[in-house]
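Quick notes on the structure that follows.
Each reported figure results from applying straightforward, stated rules to the coordinates on display, with no laboratory input. Worth saying up front: this structure is predicted, and the values here are computed from it rather than measured. All Cβ positions, glycine included, derive from the backbone under ideal geometry; neighbour counts span all protein chains shown.
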Amino acid sequence: MRASSEIADEREVRERLANLREMVEARLDLLIPKEGVEPESIHRAIRWSLFAGGKRFRPLLLLVTGEAFGARTVQTIAEDESLEPHIRARVLSEVARGAGTPFGMVAGQAHDLEAESRDVKDSELERIHHRKTGALIAASVRSGAIIAGATERELEALTSYGVALGLLFQITDDLLDVTATAEDLGKTPGKDARSRKATYPALYGLDATRTRAQATYDEARAALDSIERPMPILRAIARFILERRA
């Protein structure tokens, strides 16, 4: 069992994530038709939306998880024709399930909209967040591990990590919408309250929400303790999410 105190150098982790993000951006640029390719209006809109800025959090999770289990990152995932068809099919299934309905992001977004302007209980709020945010994050972690040949026991642990990470991301997102400035966020804060969305601060208040975030972070770290290999970057990512300011 790996010690939960396993620590990665923050600067090195951030540099590695920045490099991987550049690789993801470059690969997307190759895969998406250029603006001058007909129908130009469609491709212009796709590229405007896709390259408008973003953390590329989910593909980064897939890549660093694959690396942790020995995959050759982008080459294996995007270019290696020797990757067995059943592995590709399984990854596609993971992503489709995490993105779709009834247990993925599409379902979660629908539940989130339906919960506006009404009271929700803790169990419903958690279900919304698990589907809206957590499902695709967990699918990203699982996909990287599947490509790299992780065992079912390791996949189980990574699923627990991914689910906790997704919930942590949403809890901190809820907090930032209340506590951060427009300059920090790059968008107008307070939108959740104005839309009367179901959020942890609205349900519990700020202090209890911060406590919940810390507990969820601890769950994510604990899930990695049962894996018999180093997981410093995945641990660091959980810490970055807990401490993020944007």
| task | Using only Cα atoms, figure out Rg for the chain and give it as a multiple of 2.2 N^0.38 Å. | result | 1.04
| remark: GNM on the chain, Cα springs under 10 Å; top mean-square fluctuation among Ile171, Ile227, Ile46 goes to Ile46
| What net charge do the residues around Glu22 carry, taking every other residue with its C-beta under 14 Å from that of Glu22, with Lys and Arg at +1 and Asp and Glu at -1? | +3
| query | Which ³J(HN,Hα) values, rounded to whole Hz and listed in residue order, are derived for region 144-161 from phi using the Karplus coefficients 6.51, -1.76 and 1.60 in 6.51 cos²θ - 1.76 cosθ + 1.60 with θ = phi - 60°, glycine and proline given as x? | reply | x, 5, 5, 4, 8, x, 5, 6, 5, 5, 5, 4, 4, 5, 5, 5, 4, 4
